[in-house]
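Structure, as structure tokens:
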Amino acid sequence: MIVFPVAVFELSEKISTAGKVCSNIFTIRDITVFADCQRAVQGIDAIQHLAAQPWPVDHPRLRGQATAQGVPFDATFQSNMLGTYYLMQAAVAAGVEQVIMAGSNCALGHGYRISQTPFPFQALPIDESHPAFPEDSYSYSKLAGELLLASYTRAYGIRTYVTRPAAICSPARRQQLAQQAAPATGWNPWLWAWVGSEDVAHAHQLLMEGPPTLPLHEVYYVTADDTTALEPSATLIAQWQPTLLPYADGLPGHHSFFSTRKLTQAVGWQHRTAWRAQ
């Protein structure tokens, strides 16, 4: 059995400077079991939805790996779509006030491209207004999850926020990046994007404790300000993807291919961790 845990929170008002803090934390044993979701959200104010199958197990080039691990072909959809639906149904019935979900920058569709055709970039750095073109079940599930939460906000008024983190790096992983950094040998479809685990946690905290003036639903990219590459971003484009040179002016130095301006403007989030100084 594959277990997808979810953290749910009971908030105590007017304790922290933001107005509320977590007093109790519970976890759902398996998000794909509706009864588990129902039990976990009783008396709960906020949900931090972090559960997911983190890659497309039905992808033609990854199915063999999933089969070897005993992962069912539909595990990505079961957890990321059905599980999120179960959680939202339980949340609304229990009167939960807000849900903050960890989505993925993969919702854009730039990775896991089954057709192996180039992603049609329309601007750099990429922000939340850039059109998405997913081809695989994981990327699609992350994009569809955003739309699902938005539908619950429209229907029931529940606050819902979705972050789009890139590769989440713990302190140990950042140390590895520093030790193993090497010149690029080709174009990286993941755009050398990363984000510190602590910075993702901080973004979710800021959204959960955010001011009432925040829109009831929003989606935010959460990535580091820089890349995992040694070369400047414009150099990477010139060397490996020159068709994108018209957009390179927006990427000075090692600037990330993704913009987090929207999140910064909304709740004052700033990326604080680094790998180059490790």
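A few comments on the model shown:
- All of Ala40, Ala90 fail the test of being buried (at least 21 other Cβ atoms within 10 Å of the Cβ), on the phi < 0 side of the Ramachandran plot, modelled with pLDDT of 95 or more and more than 21 Å from the chain's Cα centre (by Cα), apart from Ala90.
- When Ala35 is tested against (1) at pLDDT 95 or above; (2) over 23 Å from the mean Cα position of the chain (by Cα), just one condition goes unmet, and that condition is (1).
- Conditions (1) assigned to a helix (DSSP H, G or I); (2) more than 30 Å from His254 (Cβ to Cβ); (3) not hydrophobic (A, V, I, L, M, F, W, C): number failed by Asp58: (1)
- Across the stretch 125-164, the qualifying residues are those that are aromatic (Phe, Trp, Tyr) and touching a strand residue (DSSP E or B) at 6+ places or on another chain (Cβ under 7 Å), and the one among them that is nearest to Gly196 (Cα to Cα) is Tyr161.
- For the stretch 66-84, filtering for residues that are free of Cβ contacts under 8 Å to residues at least 24 places away in the same chain and touching a Leu at 6+ places or on another chain (Cβ under 8 Å) leaves 0.
- Listed by first and then second residue, the pairs with beta-carbon distance under 9 Å, at least 6 apart or on different chains, first residue in the stretch 230-254 and on the phi > 0 side of the Ramachandran plot, second part of a helix (DSSP H, G or I), are Gly253/Ser233; Gly253/Ala234.
- Within the span defined as the stretch 70-80, one or more residues are in contact with a Gly (Cβ under 7 Å, 6 or more places away or on another chain), in a helix (DSSP H, G or I) and modelled with pLDDT of 60 or more.
- Residues located in the stretch 219-276, provided they are within 28 Å of Gln176 (Cβ to Cβ), of a type in the set (Gly, Ala, Ser) and within 18 Å of the chain's Cα centre (by Cα): Ala224, Ser256, Ser259
- Just one residue in the set Thr213, Thr243 is β-branched (Val, Ile, Thr) and under 30 Å from Arg154 (Cα atoms); that residue is Thr213.
- Meeting the requirement of 3 or more residues that are farther than 30 Å from Val96 by Cα and hydrophobic (A, V, I, L, M, F, W, C), no strands (runs of 3 or more DSSP E) wholly within the stretch 148-212 can be named.
The values are calculated or read from the model by the stated rules, or taken from the named source; none is laboratory data. Bear in mind that the values here come from a model prediction, so they are computed numbers and not experimental data. Backbone-built Cβ (ideal geometry, glycine too); neighbour counts: all protein chains shown.
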